[in-house]
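Remarks on the structure that follows.
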Amino acid sequence: MLKNQEKSIYSKKNLTENKLSKSFNLTKDPIGSLIKKIAIPASVGTLFQTLFNIVDTFFAGKISPEALSALAKSFPIYFIIIAACVGVTVGGTSLIANSIGEKNKKNVLIYFGQTVIYGIILSAIITFIGLYYASDIFFMMGSTNEVVNLGLQYTDVIFSGSIVFISIVALNSLLHAEGDTKTFRNVLILSFVLNIFLNPLFIFGYSFIPAMGMMGIGLATIISQIVAFFILLAKIMRSSSLKGISIKNFLPNSLYLSKIFFQSAPISAALFMISIGNLIILWYISIFGEFATAGYGSATRFEQILLLPVLGLNTAIISIVAQNFGAKKFLRVEQSYFYAIFYGFTIMVVAGIIIFLSADKIVGIFTNNIVVINYGTTYLRISALIFPAYPIYFISNGFFMAIKKSHYSMFLNIIRNVLLPIPTIYFANFIGGSYKTFFWSYCIFNWIFMISLLLFVIFYIKKFLQS
């Protein structure tokens, strides 16, 4: 039984006094309103995280088309860190949020402390993998020696600082569990602004600072993230949710670490599958040359901006569904999922139209090379037709993560990101084998998969949450 003092922390009175949750209650407030309140700040935050990457792409284009290709090919490698980060934050968020829904203060503190420890352990493993195998992965994608050297200048710096990336999301897991996406949003905005100034400073040099080229892009990223870490740390230390936390909560606990592992590892593994899928796609695209890779890489960086509302909805679903699932309010769980799908589909129809009409201008931001622009434009206009289907995929992933079925997310990612490109390649070769036919095939297979996924989630909800 929880102590009365611990119970009072979760009372309505104290919740309204808590800055992180005073504006809404995830288990009581109207779902449509909650989704907007959480998803919009999360989308804005992710916007600046994406703009952060676009700044990197913009300055890589100023170095050379080969540097642009190197940055594009570094993404599947860099995505190893992203996969680890998302696994840590979603695993920690869902377990902490469930504990909040269950009104278990002891587990909130322990899960937070063990999420931080888990992140540190994971970062050491990620650093070793990245530094040791990056060059092999670049060569696997059919890169020239010049592109490999440029890519390693960037990834070596990034992987050396992976502990910073993972520590940030470990801290942020508590904030997201409480429904606070504004703090991380503000941190991402600051990081973006810093990156604008640091990128040209380290790439081209100034005064006593030497020109570092691609290495400078990586260094600018690490410094921006270090600043973000200390801001989040200061915020977390003032959180009333951590009242009563002690050093014992940060001592490795095999029971809780294993729970975090089994909740986050499938998510990280699932996202790692995205990296594998990107490798397959980049391997196929490399047949058409480094300029095709540069065009595709530039296009995908900007494409992420218009996917931001869906990513924000994903964040909202994880927070709202996790707390309501913990509180056993299954009707609200179901309603949250379908509200998010409706919002996401509507927004993505508009986003698809925008990206279709402005594709050539988008790629032209990063380069004036006509060949690169043509490749990027071709990809974007076909990809725009997939946009309305993306909410089904991302929101369904968030749904399964929030109800502690993260292995479902892993299977979904394996199907879409590893298995789906394989028949896509065969079908593309069957109907012509060109760059354009590959992405037309990719569009068709994505829609088939998304519709099947939606039907599966509807079946799951009726069978397990309505019975």
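The values are calculated or read from the model by the stated rules, or taken from the named source; none is laboratory data. Not measured: the values here are computed from a predicted model. Every residue, glycine as well, gets a Cβ built from its backbone with ideal geometry; the counts of neighbours run over all protein chains shown.
Against the test of being buried (at least 22 other Cβ atoms within 10 Å of the Cβ), at pLDDT below 90, within 12 Å of PRO391 (Cα to Cα) and in contact with a Pro (Cβ under 7 Å, 6 or more places away or on another chain), the options VAL372, VAL310 yield a single qualifying residue, VAL310. Considering only residues in the stretch 93-110 that are assigned to a helix (DSSP H, G or I) and touching a Gly at 6+ places or on another chain (Cβ under 6 Å), the one that is modelled with the lowest pLDDT turns out to be GLY101. Within the stretch 193-212, the residues that satisfy the criterion of being part of a loop (DSSP other than H, G, I, E, B) and over 20 Å from ILE226 (Cβ atoms) are GLY205, SER207, PHE208, PRO210, ALA211.
Residues that are of a type in the set (Val, Ile, Thr), closer than 16 Å to ARG301 by Cβ and out of contact with any Leu (no Cβ under 6 Å at 6 or more places or on another chain) within the stretch 355-370 comprise ILE362, VAL363, ILE365, THR367, listed in sequence order. Within the stretch 230-249, does at least one residue satisfy the condition of being crowded, with 18+ Cβ neighbours inside 10 Å and within 20 Å of ILE82 (Cα to Cα)? Checked the stretch 230-249: at least one residue is crowded, with 18+ Cβ neighbours inside 10 Å and within 20 Å of ILE82 (Cα to Cα).
Output yes when any residue across the stretch 169-184 is of a type in the set (Lys, Arg), under 24 Å from SER33 (Cβ atoms) and within 16 Å of the chain's Cα centre (by Cα), and no when none is. The answer is no, given that none of the residues of the stretch 169-184 is of a type in the set (Lys, Arg), under 24 Å from SER33 (Cβ atoms) and within 16 Å of the chain's Cα centre (by Cα).
Every listed requirement among (1) at pLDDT 90 or above; (2) closer than 20 Å to THR315 by Cα is met by CYS443 save one, (2). For the stretch 57-80, a residue qualifies if it is closer than 29 Å to PHE128 by Cβ and either surrounded by fewer than 22 Cβ atoms within 10 Å (Cβ to Cβ) or of a type in the set (Phe, Trp, Tyr) (or both), and the qualifying residues are PHE59, ILE63, GLU66, PHE75, TYR78, PHE79. With respect to SER396, is the statement that it is modelled with pLDDT of 90 or more and more than 28 Å from VAL88 (Cα to Cα) true? No; evaluated as a whole, the condition is false for this residue. Candidates ALA359, ALA389: the one that is surrounded by fewer than 23 Cβ atoms within 10 Å (Cβ to Cβ) and farther than 22 Å from LEU34 by Cβ is ALA389. Candidates in the stretch 231-255 are the residues that are in contact (Cβ under 8 Å) with a residue 24 or more places away in the chain and among the β-branched types (Val, Ile, Thr); of these, the one that is farthest from ASP180 (Cα to Cα) is ILE245.
Can you confirm whether the stretch 419-436 contains a residue that is surrounded by fewer than 14 Cβ atoms within 10 Å (Cβ to Cβ), under 25 Å from the mean Cα position of the chain (by Cα) and in a helix (DSSP H, G or I)? Within the stretch 419-436, one or more residues are surrounded by fewer than 14 Cβ atoms within 10 Å (Cβ to Cβ), under 25 Å from the mean Cα position of the chain (by Cα) and in a helix (DSSP H, G or I).
With respect to the conditions (1) among the aliphatic types (A, V, I, L, M); (2) within 26 Å of HIS176 (Cβ to Cβ); (3) surrounded by fewer than 18 Cβ atoms within 10 Å (Cβ to Cβ); (4) modelled with pLDDT under 90, ILE209 lacks only one, and its number is (2). Can you confirm whether PRO41 is surrounded by fewer than 24 Cβ atoms within 10 Å (Cβ to Cβ), in contact with a Ser or Thr (Cβ under 7 Å, 6 or more places away or on another chain) and not hydrophobic (A, V, I, L, M, F, W, C)? Taking the combined requirement at face value, the residue satisfies it. Looking only at residues in the stretch 254-266 that are touching a helix residue (DSSP H, G or I) at 6+ places or on another chain (Cβ under 6 Å) and either of a type in the set (Val, Ile, Thr) or surrounded by 17 or more Cβ atoms within 10 Å (Cβ to Cβ) (or both), the one that is farthest from LYS404 (Cα to Cα) is TYR256.
Residues of the stretch 270-285 that are modelled with pLDDT of 75 or more and either over 29 Å from PHE79 (Cβ atoms) or under 22 Å from the mean Cα position of the chain (by Cα) (or both): ILE276, GLY277, ASN278, LEU279, ILE280, ILE281, LEU282.
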